[in-house]
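To start, the structure under review is shown below, and the notes come after it.
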Amino acid sequence: MSASLPDLPELRPRVWPIALWLLAMVAVAWWGYWLEDTGQQDLVLFGTQPFLGGPLEPKVEFLLLPAAAAVAGVVLLPVISRRLPWRWLLIVGVVWASVWSWTLTTARGWSDFLRPLYRDDDYLTALPIRDIPEFLGRFTDQILTYAVHVQGHPPGQVVLLALADRLGLASPWVVAVIYVLVGCSAVAAAAVAVRALAGSEGETLARRMFPAAVLAPAAVWIATSPDAFFSGVLAWGVALLAIASTASGWPKWLAATGAGVLLGLCPFLSYGLLTMGLVAVAVLVHTRAWRVFGYTAALVVLQVFLWAAAGFRIDEGILATRHAWQLNGASVRPYWYFLFANIVVLATLIGPAVLASLPRVTRLAKPVPLFVLLAFTAAVLGALSGFMRGEVERIWLPLTPWLMLAGAVVGPRRGWLLAQAAVALALAAFIDSPW
């Protein structure tokens, strides 16, 4: 059955965060150009600071499709979020978000959907792998022989692609579709988590946030990025943990097992997920389900030992990746510039509607402010670490579904949805992103 979306006049969004974001965007862009023009630093961003990618002249014929998708989303998503039954809302939401992301990517040209997967620094360059244990055993010793993305991450994604390759599912088209669908399902997973933790009130909030989340500018980088896949894995791990913490009987332990498997995989997909996994703590704080959380944590630790037994130790991987990063061009990027620029990029990913909602997020149901706080904390920790110097428009994707829960404040207001879509269109039109 459908859920009502009551007006919340006491929770009207604020404009000042948008003004602050715009000022910060101008400031970091000017700062970046000044650093390069004066010869003080090379940001290695190719001209569209603080984003990675060269300037692009928009092609009207390619912008027509995403523009039409934007108009349709602004008009129809509020109706869909209000009237569709819950399960159908999740399905339609994932499909709509996938189509929206695809149209934004093809705004730069039809070939751009697959272009990231053909890059010589991508994961597919490591295939084929005949002996996976041998690959894992030699991974840290031979890390400098691999492509840049393989060097900068644990071997989990390569192993998954190797298994897919054995099933005949590692073609760029199949991989791209999986990345997009799993990445776009992260918002649905966040909605499932909130509904599991807050019941009918959580469902109402999830329905309210859906339109702004689907149209968020983050969609520009979902197609086609492996970080979108990482986002889906983390989100569904947290969603299953939320279900397990509020269910009973055998479904509780089935969901907890699934949560343990997915959350345990996260550190072997991206080292950044070690801090981004903080969002899972919101479930424990809200439910105090210590037995479920302990069982899930045990499964996570078990996977660490299983990977070590197979040949890869995560501590050795971090040290090897750090060494490779120090030899990489990104390590020369200025720390202080990207400490601020990375947060500005994160604000851009979630869009003006969510930014305007943040000052009122504490008035929403209890798990929502906690998810938002922990996601932002993880971003700050990542920025402070100094290893995420630029290119975070894709790295931050696993955090965006949890921040976009704040969009429940805006709800289905079409003016704010139009602002979300307009920013996404502008980014897709004027930045030649490699992702």
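Taken along its three principal axes, the alpha carbon spread of region 31-81 comes to 51, 27, 13 Å, from the longest extent down to the shortest.
In the chain, one over the average inverse separation of all distinct C-alpha pairs is 21.9 Å, which is the Kirkwood hydrodynamic radius.
Quick one, could you list the DSSP H helices from the chain stretching 18 Å or more along their long axis (Cα atoms) with average Kyte-Doolittle hydropathy of -0.5 or above? Membrane-span-like by this criterion, though nothing is claimed about a membrane: 16-37, 60-83, 86-105, 172-214, 226-246, 250-265, 290-310, 314-327, 335-357, 367-385, 414-430. Packing, as the average of other Cβ atoms within 10 Å across residues, places the peptides 44-50, 262-268 in the order 262-268, 44-50, highest first. Per-residue packing, averaged as other Cβ atoms within 10 Å, sorts the ranges 417-423, 243-249 into the order 417-423, 243-249, beginning with the highest. Near Pro367, within a Cβ-to-Cβ distance under 15 Å, what is the net charge of the other residues, with Lys and Arg +1 and Asp and Glu -1? So the environment of Pro367 carries a net charge of +3. Using the Cβ-Cβ distance between Ala29 and Trp290 with R0 set to 41 Å, the FRET efficiency from 1/(1 + (r/R0)^6) comes to roughly 0.30.
Take every Cα pair under 8 Å whose residues are at least 6 apart in sequence, average their separation, divide by the length of the chain, and the relative contact order is 28 percent. The longest part of the chain holding none of the exposed loop trypsin sites (Lys or Arg not before Pro), meaning those outside H, G, I, E and B in DSSP with at most 13 other Cβ atoms within 10 Å, is 131-287.
The spread of Cα positions in region 82-213, taken along each principal axis and listed from longest to shortest, comes to 52, 37, 26 Å.
Fewest-first ordering of Met404, Met276, Met388 by other beta carbons within 10 Å of each residue's beta carbon gives Met388, Met276, Met404.
Between Arg363 and Leu127, the C-beta separation translates, for a Förster distance of 35 Å, into a calculated FRET efficiency of about 0.10. Going from the fewest other Cβ atoms within 10 Å to the most, the residues Thr106, Thr224 appear in the order Thr106, Thr224.
To make sure I understand, if each residue's beta carbon is the centre and we count other beta carbons within 10 Å, what order do Phe305, Phe312 fall in, fewest to most? Ordered from fewest to most neighbouring Cβ atoms within 10 Å, Phe305, Phe312 come out as Phe305, Phe312.
Which percent of Cα-Cα pairs in region 341-435 sits in each 10 Å bin, short to long? Answer for region 341-435: a P(r) of 16, 45, 32, 6 percent. Here the Karplus relation 6.51 cos²θ - 1.76 cosθ + 1.60, evaluated at θ = phi - 60°, turns the backbone of region 117-126 into coupling constants of 7, 8, 5, 7, 10, 9, 5, 4, 5, 7 Hz, with x for every Gly and Pro. For the Cα trace of region 59-142, dividing Rg by the Kirkwood Rh returns an Rg/Rh value of 1.22.
Our note on the geometry: Cα centres of region 235-260 and region 354-382, 23 Å apart. By the Cα gyration tensor, region 155-243 has an equivalent ellipsoid whose semi-axes, rounded to whole angstrom, run 28, 15, 9 from largest to smallest.
Where a number appears in this text, it was derived from the coordinates with a stated rule and is not lab data. In this text, all values refer to a predicted model and were calculated from it rather than measured experimentally. So basically every Cβ, Gly included, is an ideal-geometry build from the backbone, and we count neighbours across all protein chains shown.
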